[in-house]
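Written out below as structure tokens is the structure these notes cover.
Computed from the coordinates by the stated procedures, all read-outs in this text should not be read as laboratory data. The structure presented is a predicted model; accordingly, all values stated were derived computationally and were not measured. Cβ coordinates were reconstructed from backbone atoms using ideal geometry, including for glycine residues, and neighbour counts include every protein chain displayed.
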Amino acid sequence: MSEWFETTADILTKVWDTLDRGVIDADHPARRPTLATVSPDGWPEARTVVLRSADRTGGVVTVHTDLYSDKIKSLQPVPRAALHIWDVEQNLQIRLQAEVAIARAPETRTLWDEIPDHAQQSYGVTPPPGTPIETALDYVKQPDPETFAVLHCTIIAIDALHLGADHRRVSYSRVGHWQGQWLSP
Ligand SMILES: Cc1cc2nc3c(=O)[nH]c(=O)nc-3n(C[C@H](O)[C@H](O)[C@H](O)COP(=O)(O)O)c2cc1C
């Protein structure tokens, strides 16, 4: 019987299945990818986020964030990001490169209304995220739909690395219609 990592088509399906799992399963490693951007002064920057949706047909994943966070300041001049997942159970590293569109109120209002109260706490804080404060708790959480942003990450390229008895690496691109290209690992 053949294994999922033996063909580029099956690996691509595994990548999307993994992203889908991340969206619905809070305990899955794909739930919390690392999102990397480039700061306005050219520094790489990375942080953990929660994967909110994954759409294979459109090749889009989404992340929720605070409109006043530094990642937005980075994405405005350079609307590009990388997402990284290491799924230890499948021995699969997934790297995505994406162009990012930032959606904000009023476009995000319907989605905001569907978010549970406790989760809304993540969007809206005074002073804004990253502001220096005198002591650790000198801030007030103020859930605010005006600060809620959705990052629509249109995937441009995927790099998948499987570390089995053999190592297999494959790249896919939107421009290449997601045809797999084996790479030396
Ligand atoms: C488990 C975990 C999940 C997180 N999920 C998100 C998220 O979905 N969106 C978000 O903006 N920040 C999330 N954060 C916080 C970010 O990692 C980061 O600290 C914050 O967004 C500020 O990043 P920035 O200054 O680079 O914008 C999460 C952090 C952790 C540890």
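Details
- Residue 24-residue 3 FRET efficiency (beta carbon distance; Förster radius 25 Å; 0.05 resolution): 0.55
- The magnitude of the dipole of segment 102-161, with charges of +1 and -1 set on the Cβ of Lys/Arg and Asp/Glu and taken from the Cα centre, is near 80 debye.
- Cβ crowding within 10 Å, taken as a proxy for footprinting-reagent exposure, orders 14, 141 from fewest neighbours to most as 141, 14.
- Cα centre as origin, Lys/Arg/Asp/Glu Cβ charges: segment 72-185 dipole, Debye: 540
- Multiplying the residue separation of residue 56 and residue 80 by 0.36 nm and subtracting their alpha-carbon distance yields 6.7 nm.
- The chain: radius of gyration and largest Cα-Cα distance (Dmax), Å: 17.9, 62
- Using distinct alpha-carbon pairs, which all enter the 1/r mean, Kirkwood radius of segment 1-97 in Å: 14.4
- Tilt relative to the chain, helix 8-24 - C-alpha long axis, 0 to 90 degrees, to 10: 30
- Between the residues 178, 76, 11, the greatest Cα displacement towards the positive end of the dipole of the chain, with unit charges on the Cβ of Lys, Arg, Asp and Glu, is found for 178.
- Radius of gyration over Kirkwood radius for segment 72-133, both on Cα atoms: the Rg/Rh ratio is 1.07.
- Around the amide H of residue 53, modelled in the peptide plane, lie the amide H atoms of 62, all under 5 Å away and 5 or more residues distant in sequence or on another chain.
- Selection from 164, 91, 64 lying farthest towards where the dipole of segment 51-185 points positive, charges on Cβ: 164
- Counting only DSSP H runs of at least 4 residues, each contributing -39500 (n - 2.57), and dividing by the residue count of the chain, the helix-based mean residue ellipticity at 222 nm comes to -5000 deg cm²/dmol.
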